Amino acid sequence: MSNIPEIFSAFQGYLDNEHSVREVIRTHTREIEATAREILITLQCIHQANGAKEIPAACERSRKKLEDVRQQYEQLKGAVPEDQYYRFHDHWRFVTQRLSFLVALIQYLDTGEFISHAEVAAELGLACRRTDGFHLDLEDYLIGQLDLASELARFCVNAVTFGDYARPLHISKFLGELSAGFRMLNFKNDSLRKRFDGLKYNIKKVEEVVYDLSIRGLKPSGEPSSGDPSELEPKVSPSEGVGEGGGGPTNSAD
Amino acid sequence: MKPYKKHRMGRRGESGKRERPEVDHSLVADSNVLKHFASYATELDLKHDKYERIVKFSRDITIESKRIIFFLHSADKENSKHDLLKDADIRLRQLENTLFKSVGEELNGEDPYQFLRAYTSGLQEFVEACTFYQYLKFKKLEGWNCLQQTLKFNIDENSKEGCVNETSAKTCSVLMPPSEYVLGVADLTGELMRNCINCLGSGQFESCMETCAFVKEIYNGFLSVGNSGPKEFSRKLFTLKQSLHKMENACYTICVRGSEIPQNRLVDVLQDASEVFEEDEGFY
């Protein structure tokens, strides 16, 4: 008389189906996560004593790994049914945020410049808009940028510790611009907002470092022409940095 | 201060053409970063505004669905039932063709899953109202496919001012994932319980038994799915179990004491019984 068992068995079928799709997605995201971790670790060298010297090589290696990431995303794309990106978004959201952070970090270390949503998407082999297929969600990209801010705040401290006194100024300018950008956005009361609230502490940290440097006369003479950060790079070489006490108008800091 | 306040109000008030006073355009022109962020701001605003609009529709859908359900509860007398059901049907169709159509238009060309959370509560309430109607009318449920069919709409030529970028598609629909449907059915059992007790009060024992058997079947269905369902499943299943217990108790009372007690007292007796029962369970 009743069709309820049929409804529920159809529902069970639907659940089973969804479950198997999720399994496949999970396998692929796990691979992406592993590569992302490798890149993260590779780039951690910037916080080490001799890190600055290794930056170009680390970037090189990371960029190679990004090729793997692109392939892995390619596989993930195949596993996600068309037009259901947001149904399964949670699976790859975190790792995608992390990767857009890493891509932005590589870009910063290489060129000292900001990287746009479209450029990050291209680096990851993803589309930029939803209508063009498997894309990089804008909010994931933005969270990646905020992660970059907190990493740079840390980098700033460590750079100074190892004698690179030019870096904080550059980072300060970079974060200033980034935060001006973020302040143009209207946030909902969501995770992006919470992360954004952390940005000011990162900036504060960097400003403190810059202040410490300037009050002790450790700031490099030439204001870093941040438009052309490649100039910055050579100065940064740590052997010089430590040996010559950061060049320029260095007075011994007590 | 003023720009900030304005922006706050824009967030709460009517969406749409909100001013963005905090953007300093001279700055934007200079900076590559700010240029990019200006476009991100637009994109985020578009998404958030759409989301908020859908939430509003969903809230209205919830309200109307609740009213229809309440209305259907008055359909316990056989003689007036026919007209009542007809009216309810009209209201349901109307709900589909107004509010749901608006949601459909908002969702047109979007990934519905991105906005599912904005309208899920309205959708579940609507499923509850529809299935309740179906039960009263046909004593059975139509699957989610039938309901999904009713949520497909044709778009009129130039329906919206410009907030939706109407693409070439001529139809739009409101996606109803099966899990939302099943959660709606879980809510339905609460209404069926109420309906069952009402019938008891008016002496329609036949219908009491029938409804109870029906809910038992739904309960079996939920048990067959087990824990593999969506998150809210277990909570709803718990409520379902409570309702079912009450109904079974009602049926028991009818059978055991139905002949001893005058009809108009039966509900009171039952109420007492179920209160005792609930204390036992540590409910409340």
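Brief remarks follow.
- Each residue in region B:110-142 was checked for being free of Cβ contacts under 8 Å to residues at least 24 places away in the same chain and in contact with a Ser or Thr (Cβ under 7 Å, 6 or more places away or on another chain), and 1 pass.
- Applying the set (1) within 14 Å of chain A (Cβ to nearest Cβ); (2) at pLDDT below 80 to B:PHE222 leaves exactly one unmet item: (2).
- Residue match in region B:230-240 (condition: open to solvent by 20 Å² or more (accessible area, probe 1.4 Å), free of Cβ contacts under 8 Å to residues at least 24 places away in the same chain and assigned to a loop (DSSP other than H, G, I, E, B)): yes
- Test: B:SER179 is of a type in the set (Gly, Ala, Ser), at pLDDT 80 or above and surrounded by 12 or more Cβ atoms within 10 Å (Cβ to Cβ): yes
- Of B:GLY104, B:GLY109, all but one fail to be away from chain A (no Cβ under 14 Å), over 15 Å from the mean Cα position of the chain (by Cα) and under 29 Å from B:ASP49 (Cβ atoms); the exception is B:GLY104.
- Of all residues in region A:30-50, those satisfying the criterion of being touching a residue at least 24 places away in the same chain (Cβ under 8 Å) and under 18 Å from the mean Cα position of the chain (by Cα) are A:ILE32, A:GLU33, A:THR35, A:ALA36, A:GLU38, A:ILE39, A:LEU40, A:LEU43, A:ILE46, A:HIS47.
- Scan of region B:102-124 for residues that are closer than 12 Å to B:SER58 by Cβ and not polar (S, T, N, Q), ordered by number: B:VAL103, B:GLU106, B:LEU107, B:PHE115, B:LEU116, B:ARG117, B:ALA118, B:TYR119, B:GLY122, B:LEU123
- Subset of region B:92-116 (residues that are surrounded by fewer than 17 Cβ atoms within 10 Å (Cβ to Cβ) and closer than 24 Å to B:GLU191 by Cβ): B:ARG93, B:GLN94, B:ASN97, B:THR98
- Filter pass, A:GLU123 being on the phi < 0 side of the Ramachandran plot, surrounded by fewer than 22 Cβ atoms within 10 Å (Cβ to Cβ), within 13 Å of another protein chain (Cβ to nearest Cβ) and under 13 Å from the mean Cα position of the chain (by Cα): no
- Some residue of region A:16-24 being free of Cβ contacts under 8 Å to residues at least 40 places away in the same chain and either among the aliphatic types (A, V, I, L, M) or away from chain B (no Cβ under 14 Å) (or both): no
- Residue check for B:ARG194: outside the structural domain of B:GLU96 (by TED's automatic domain parsing), modelled with pLDDT of 85 or more, open to solvent by 30 Å² or more (accessible area, probe 1.4 Å) and in a helix (DSSP H, G or I): yes
- Region B:78-102, residues that are touching a residue at least 40 places away in the same chain (Cβ under 8 Å) and in contact with a Ser or Thr (Cβ under 7 Å, 6 or more places away or on another chain): B:GLU96
- Yes/no for A:GLY198 being modelled with pLDDT of 95 or more and in contact with a Ser or Thr (Cβ under 7 Å, 6 or more places away or on another chain): no
- Flag for A:PHE101 being modelled with pLDDT of 95 or more and surrounded by fewer than 17 Cβ atoms within 10 Å (Cβ to Cβ): no
The values are calculated or read from the model by the stated rules, or taken from the named source; none is laboratory data. Only a predicted model underlies this, so the values are computations on that prediction, with no experimental measurement involved. Positions of Cβ are backbone-derived with ideal geometry, glycine not excepted, and every protein chain shown enters the neighbour counts. For accessibility, only protein heavy atoms count, side chains too; no ligands or nucleic acids. Shrake-Rupley method; radii C 1.70, N 1.55, O 1.52, S 1.80 Å.
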